[in-house]
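Worksheet: one structure, shown below.
A short reminder: the numbers here are calculations on the coordinates, not readings from a lab. Remember, predicted model here, so these are calculated numbers, not experimental data. Please note: Cβ atoms are built from the backbone with ideal geometry, for glycine as well, and neighbour counts cover all protein chains shown.
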Ligand SMILES: Nc1ncnc2c1ncn2[C@@H]1O[C@H](COP(=O)(O)OP(=O)(O)OP(=O)(O)O)[C@@H](O)[C@H]1O
Ligand SMILES: [Mg+2]
């Protein structure tokens, strides 16, 4: 589905080179929920950016559904991204002059025949808990609310793959587990996830876990020693919501 072979990214800092991602090999299989954690500056966002076709690797190959995206034109990469990949950025930007609802619907402009629709946008906004802010402008939202708009936007076209860079970073624990429940449900319906988190409590949500350390990535065998969930996944979510999403 997404395959990275010997993926490396070197940034030049003044006179020295920083190897942000160092010879990473990763094969994401359809239906997986891959979690990546690691210290600040260990290369997680750079890796996700390369997997999503946003950052060119210095060396190595990235294939999305068998297509080497290094060999594609910018227009073709954009098309692959619009159809195949939802991306939740670590620092999400929104168009300030349009509402939450319109921001969520924005990716539909780039994939006109896609599954995105007004009713799906409304349902996703409900699922991320922002129904009462659908008509609000981004500058009036808290950072956690903006993050949830970014999650809904990344899901609008029902992408086969969701790449999410600390999607729950600004959220309180209840909202975090609600978002993780939404992700888990979408994952059980077949959506593939590659997600970066700082929160080790989320490890049980993953089907495969990696740790990054100074650009190197290593798989962590399950179960992770010493890691337990501090809280059961929330059960107070609206159970009809799953049915509603299936119907969209
Ligand atoms: N565009 C860039 N130009 C130069 N250096 C960069 C660039 N992007 C990232 N880096 C450097 O690459 C390294 C990895 O950065 P990255 O953002 O991938 O880390 P991260 O693991 O996502 O950190 P965090 O947990 O703080 O988000 C850091 O040393 C960073 O300074
Ligand atoms: Mg980062």
*Treat the count of other C-beta atoms within 10 Å as a stand-in for reagent exposure and order 7, 194 from fewest to most.*
7, 194
*asked:* For the chain, I need the span (max minus min coordinate) of the C-alpha atoms along each principal axis, in Å, sorted largest to smallest.
replied: 49, 46, 34
*For the pair residue 83 and residue 117, how long in nm is the line joining their label points, each one 7 Å along Cα→Cβ?*
2.1
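With a 10 Å Cβ neighbour count serving as the proxy for reagent exposure, in which order, fewest first, do 125, 62, 220 appear?
Working: 125 24, 62 21, 220 17.
Fewest-to-most ranking of 125, 62, 220: 220, 62, 125.
222 nm [θ] for the chain, helices only, -39500 (n - 2.57) per DSSP H run of 4+, per residue, to 500?
Details: 7 runs with 72 residues, N = 248.
Result for the chain: -8500 deg cm²/dmol, rounded to the nearest 500.
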*Given the options 19, 104, 203, state which has the largest fluctuation in a GNM of the chain using a 10 Å cut-off (strictly under) for Cα springs.*
19
*Working from Cα positions, state the angle (0 to 90°, nearest 10) between the long axis of helix 118-127 and the longest principal axis of the chain.*
80
*Identify which of 200, 124, 109 has the largest mean-square fluctuation in a Gaussian network model of the chain, with springs joining Cα atoms closer than 10 Å.*
109
*Only bridges with both residues in the chain count here: give the DSSP antiparallel percent, nearest 5.*
55
*Round to the nearest 10 and give me the degree value, 0 to 90, for the angle of helix 74-84's Cα axis relative to the longest principal axis of the chain.*
50
*Theoretical FRET efficiency, 1/(1+(r/R0)^6), r = Cβ-Cβ of residue 219 and residue 10, R0 30 Å, to 0.05*: 0.80
*Hey, what angle do you get for helix 143-155 against the long axis of the chain, alpha-carbon based, 0 to 90 degrees rounded to 10?*
80
